[in-house]
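First comes the structure, then the notes that go with it.
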Amino acid sequence: MECDLMETDILESLEDLGYKGPLLDDGALSQAVSAGASSPEFTKLCAWLVSELRVLCKLEENVQATNSPSEAEEFQLEVSGLLGEMNCPYLSLTSGDVTKRLLVQKNCLLLLTYLISELEAARMLCVNAPPKKAQEGGGSEVFQELKGICIALGMSKPPANITMFQFFSGIEKKLKETLAKVPPNHVGKPLLKKPMGPAHWEKIEAINQAIANEYEVRRKLLIKRLDVTVQSFGWSDRAKSQTEKLAKVYQPKRSVLSPKSTISVAHLLAARQDLSKILRTSSGSIREKTACAINKVIRVLLIFFYIFFCV
């Protein structure tokens with residue numbers, strides 16, 4: 001009876017929050033929470049609530065929806081990290097075996113109730129108290145970058161009536177003065193020398209975006225491999241009793257691993273010619289610094305492997 005009332009409240013709240021997913025259908029939510037973390041639809045709903053929260057709150061942790069029941073443990077680890085960051089008060093969601101918390105229907109309903117209430121509160125606070133960035137104005141990312149340039153160059157605050165041409169001319173003048181005080185090759189010559197027009201910059205932006213997308217896929221693969229490896233540590237009987245400790249150590253480090261690339265066109269403009277000097281890892285100068293006794297052992301093992309399996 002209690003679970004039925006919780007489901008009714010959750011469905012009403014989801015409609016108010018603008019959720020349009022399949023769990024609004026009759027019986028769909030009940031079926032999803034019964035399977036808990038093993039249900040991809042349940043994880044998708046949790047991921048949607050968290051994504052809405054992240055728009056309004058500064059949360060480092062994130063929750064990704066799963067595609068199959070085999071990903072349930074990873075999902076529960078992500079939820080555990082998120083609830084720890086949010087200081088969730090419900091012990092049933094923050095204590096005990098982290099891989100079994102969201103396999104109980106009541107805990108799943110409690111998690112949804114908690115995330116919904118946090119999202120409702122965040123939206124109300126946003127309406128009553130708009131972000132300071134919007135109130136102050138001029139606090140955009142571009143403004144912060146220009147402010148950082150002025151601070152780095154030791155420039156005073158420009159007057160309010162200065163034009164953009166005058167502002168950038170002042171930056172150029174200050175840069176030339178600063179470069180005149182350092183050795184000739186201290187900064188190095190730019191890697192990109194050819195002048196670019198709007199059409200060129202559009203193509204460069206498109207190329208950078210394509211590379212960033214490829215990089216993101218590779219990073220996601222590596223992070224997934226890391227998650228699976230860490231999960232495998234908990235398979236032994238001895239490690240099962242240390243699951244909570246493992247999560248506390250791993251999750252803070254895991255949360256800072258972002259699959260997104262931070263490289264932009266600005267890095268291309270800042271690149272110097274020394275970036276184009278590529279040295280082989282097998283070159284003599286490099287090997288002098290990386291050679292060690294273990295290399296000989298690895299070489300012997302490779303030879304043994306080749307003789308035993310390939311010959």
Exercise. When only residues in the stretch 261-305 that are loosely packed, with under 10 Cβ neighbours inside 10 Å and at pLDDT 75 or above count, which is nearest to I204 (Cα to Cα)?
Worked result: A266
Exercise. How many residues are in contact (Cβ under 8 Å) with a residue 12 or more places away in the chain and in a helix (DSSP H, G or I) when one looks only at the stretch 40-65?
Worked result: 14
Problem set entry | Qualifying residues in the stretch 212-235 (those that are of a type in the set (V, I, T) and surrounded by 14 or more Cβ atoms within 10 Å (Cβ to Cβ)) - the one modelled with the highest pLDDT | I223
Exercise. If we keep just the residues of the stretch 1-39 that are free of Cβ contacts under 8 Å to residues at least 24 places away in the same chain and either in contact with a strand residue (DSSP E or B) (Cβ under 8 Å, 6 or more places away or on another chain) or outside any helix (DSSP H, G or I) (or both), which is farthest from E61 (Cα to Cα)?
Worked result: M1
For this session: Select from the stretch 179-198 the residues that are open to solvent by 60 Å² or more (accessible area, probe 1.4 Å) and either acidic (D, E) or not in a loop (DSSP other than H, G, I, E, B) (or both) and write down the one among them that is farthest from Q273 (Cα to Cα).
Result: P198
Exercise. Within the stretch 125-133, is even one residue of a type outside the set (S, T, Y), part of a loop (DSSP other than H, G, I, E, B), open to solvent by less than 50 Å² (accessible area, probe 1.4 Å) and at pLDDT below 70?
Worked result: no
Exercise. Mind checking which residues of the stretch 236-245 are within 27 Å of the chain's Cα centre (by Cα) and modelled with pLDDT under 80?
Worked result: Q242, T243, E244
Problem set entry | Sole exception among (1) under 16 Å from the mean Cα position of the chain (by Cα); (2) surrounded by fewer than 21 Cβ atoms within 10 Å (Cβ to Cβ) for P89, by number | (1)
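The values are calculated or read from the model by the stated rules, or taken from the named source; none is laboratory data. These numbers come from a predicted model, not from an experiment. In this analysis, Cβ positions are derived from the backbone assuming ideal geometry, glycine residues included, and neighbour counts consider all displayed protein chains. What goes into the accessible areas is simple: the full protein's heavy atoms, side chains included, and nothing from ligands, DNA or RNA. Shrake-Rupley method; radii C 1.70, N 1.55, O 1.52, S 1.80 Å.
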